[in-house]
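K.L.:
Just dropping this structure here.
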Amino acid sequence: MSTENNTRGARKLRKGVVVSKSGAKTVKVAVSYRERHPVYGKIVTRTKNYHVHDEADTAKVGDVVAIMETRPLSATKRWRIVK
């Protein structure tokens with residue numbers, strides 16, 4: 001996974017698991033990350049769901065995918081599948 005360095009700058013990359021098919025060429029991807037709790041100091045796992053564009057429409061629930069930030073494709077889609 002290499003970042004796309006061009007005139008628009010480096011784009012954000014995430015790796016996550018497909019949790020649902022949300023329609024034609026759209027999937028929901030859950031990205032988990034660990035962070036320290038601000039008050040208690042314990043390491044907690046957080047999960048964020050992204051609506052992702054799947055141009056080939058090949059991703060299935062349970063697949064691990066790499067996603068990259070892109071221009072707005074709809075009201076909620078701002079990411080696309082890289083691999």
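The values are calculated or read from the model by the stated rules, or taken from the named source; none is laboratory data. This one's a predicted model, so the numbers in the text were calculated from it and none came from an experiment. So basically every Cβ, Gly included, is an ideal-geometry build from the backbone, and we count neighbours across all protein chains shown.
K.L.:
Report yes if LYS48 is closer than 19 Å to ARG78 by Cβ, at pLDDT 95 or above and surrounded by fewer than 13 Cβ atoms within 10 Å (Cβ to Cβ), otherwise no.
P.N.:
Numbers: closer than 19 Å to ARG78 by Cβ: yes; at pLDDT 95 or above: yes; surrounded by fewer than 13 Cβ atoms within 10 Å (Cβ to Cβ): yes.
It is true that LYS48 is closer than 19 Å to ARG78 by Cβ, at pLDDT 95 or above and surrounded by fewer than 13 Cβ atoms within 10 Å (Cβ to Cβ).
K.L.:
Also, I was wondering about something else. Across the range 51-73, which residue is nearest to ARG34 (Cα to Cα) among those that are loosely packed, with under 13 Cβ neighbours inside 10 Å and in contact (Cβ under 8 Å) with a residue 40 or more places away in the chain?
P.N.:
My answer is VAL64.
K.L.:
Can you find a residue that is over 14 Å from the mean Cα position of the chain (by Cα), modelled with pLDDT under 95 and exposed (fewer than 10 other Cβ atoms within 10 Å of the Cβ) anywhere in the range 32-39?
P.N.:
So the first thing to find is which residues in the range 32-39 are over 14 Å from the mean Cα position of the chain (by Cα), and the list is 34-39.
Then keep just the ones that are modelled with pLDDT under 95; that gives none.
The answer is no; no qualifying residue exists.
K.L.:
Shifting gears a bit: Anything in the range 59-83 that is small (Gly, Ala, Ser) and closer than 12 Å to THR26 by Cα? List them, or say none.
P.N.:
Taking the range 59-83 as the starting set, the residues that turn out to be small (Gly, Ala, Ser) are 59, 62, 66, 74-75.
Hits for the range 59-83 are ALA59, SER74.
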